[in-house]
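Have a look at the structure below before the remarks.
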Amino acid sequence: MPRVFFLPGAGGSPDFWKPVGALLPAEWSKEYFGWPGLGNQPHDPAIGGMDDLVRLVAARIDEPVDLVAQSMGGVIAARLALERPHSVRRLVLVVTSGGVDMAGLGAADWRTDYRRSFPRAAEWITAARSSPDLPVEKIAAPTLLIWGDADAISPVTVGRHLQSRLPNAQLHILPGGDHDLAQKQPELVASLIDKHLTA
């Protein structure tokens, strides 16, 4: 029976994935993560960057899990799949960089709009920083990539780039899907996730 960790993007809300999770089998074990200090989530002085969020999720892994991740959460999922390969059974990456450098792939800069929407979010999330390119070729977990063809933040070119580099990945492109496609098309997203995690 799948044990699924749901990781949101920089919006940080543990509620982001709940519409999808509610459509998946009730007997599955599901855990919805939130990111302290991001979006409208309460701050935690112990969380000062991405490394701390990776540790937050890793601390909850005591047996192999499936990771379902949106946007920034996909970077955390990719890092866990690389750092703890025996702990990650399958991956679902949705409209994310997945830890690869998106320069030259047509991605829009989201930081100004994010700061306008979430003025109290931790400074580190929008600070200028280099984008390390994770060695995603080493991710062994079977990976489902879900993209929308109307997403400026993580355009389809990013999904295709990840598909070309991941050794065991399938890409599904949802017509009209944007960066919030998991919330706007939960039935379709849930059906794709169900099929992937029970294959």
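Kirkwood hydrodynamic radius, segment 4-55, all distinct C-alpha pairs: what's the number in Å? Numbers along the way, then the final one.
Numbers: mean 1/r = 0.0850 Å⁻¹.
The Cα-based Kirkwood calculation yields 11.8 Å.
With all pairs of different C-alpha atoms in the average, the Kirkwood value for the hydrodynamic radius of segment 75-173 is 14.3 Å. Average projection, convex hull of the Cα set of the chain: 10.1 square nanometres. Here the chain is treated with +1 on each Lys and Arg Cβ and -1 on each Asp and Glu Cβ, and its dipole about the Cα centre works out to around 120 debye.
Membrane-span-like helices of the chain, defined as complete DSSP H segments with a Cα extent of 15 Å or more along the helix axis and a mean Kyte hydropathy of at least 1.0, are identified as 72-83. With only the Cα atoms considered, segment 1-102 has a convex hull volume of 97 Å³ per residue. Remark: accessible surface ordering of Arg116, Arg165 (largest first) is Arg116, Arg165, probe radius 1.4 Å. In the chain, the portion of solvent-accessible area held by carbon and sulfur atoms comes to 52 percent [1.4 Å probe, whole percent, DNA, RNA and ligands not counted].
Using the Cβ-Cβ distance between Asp113 and Asp62 with R0 = 45 Å, the FRET efficiency computed as 1/(1 + (r/R0)^6) comes to roughly 0.75. Its DSSP H runs of at least 4 residues, each contributing -39,500 (n - 2.57), put the calculated 222 nm mean residue ellipticity of the chain at -8000 deg cm²/dmol, to the nearest 500. Defining a contact as two alpha carbons under 8 Å apart and six or more residues distant in sequence, what relative contact order in percent does the chain show? Relative contact order of the chain: 22 percent. Once the chain from Ala150 to Glu27 is taken as fully extended at 0.36 nm per residue, the excess over their C-alpha distance is 40.9 nm.
The values are calculated or read from the model by the stated rules, or taken from the named source; none is laboratory data. For clarity, every value in this text was computed on a predicted model and none was experimentally measured. Heads up, the Cβs are rebuilt from the backbone with ideal geometry, glycines too, and the neighbour counts pull from every protein chain shown. The accessibility values were calculated without ligands, DNA or RNA, using every heavy atom of the protein model including side chains. Shrake-Rupley method; radii C 1.70, N 1.55, O 1.52, S 1.80 Å.
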